[in-house]
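Engineer: Pasting a structure below so you can have a look.
Computed from the coordinates by the stated procedures, all read-outs in this text should not be read as laboratory data. A quick note: this is a predicted structure, and the numbers were derived from the prediction, not measured. Neighbour counts run over all protein chains shown; Cβ positions are idealised from the backbone, glycine included.
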Amino acid sequence: MPSTPATPTQTTSVTMSGTAFNPAAIQVSPGAKVTWTNSDNISHNVTFSSPSISTPNFSSGSQSLDMPAAVGEYSYRCTLHAGMNGTVTVK
């Protein structure tokens, strides 16, 4: 029986915990809304360099961003914490 490729997630969420994104790599459909939830109680942000989209710094709660409509791999980071990186694959 042939395997069926996984359908990209329409909307997903990422947790910020232990100064890390969990999961660090996600796959979404073009234009999907992604929500990041900070559970560290210290300030974080989500900053993409291309396209230039970001959240403000936030120490609790959640922030959402609409992902690009173009298929591709988009890297992001928390500019407050070195090594806190993630990737969104739009597929």
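Engineer: Can you sort Asp40, Asp66 so the residue with the fewest Cβ neighbours within 10 Å comes first?
Structural biologist: Least to most surrounded, the residues fall as Asp66, Asp40.
Engineer: While we're on this one: Fewest first, what order do Thr12, Thr79 take by the number of other Cβ atoms within 10 Å?
Structural biologist: Going from sparsest to densest Cβ surroundings: Thr79, Thr12.
Engineer: Can you tell me which of 44-50, 20-26, 59-65 comes out highest on packing, and rank the rest after it, using the mean Cβ neighbours within 10 Å?
Structural biologist: 44-50, 20-26, 59-65
Engineer: Under the definition of Cα pairs under 8 Å and six or more residues apart, what whole-number percent is the relative contact order of the chain?
Structural biologist: Worked out over the chain, it gives 30 percent.
Engineer: Let me ask another. Divide, for the chain, the radius of gyration over alpha carbons by 2.2 N^0.38 Å, where N is the residue count.
Structural biologist: Compared with the compact-globule rule of thumb, the chain sits at 1.09.
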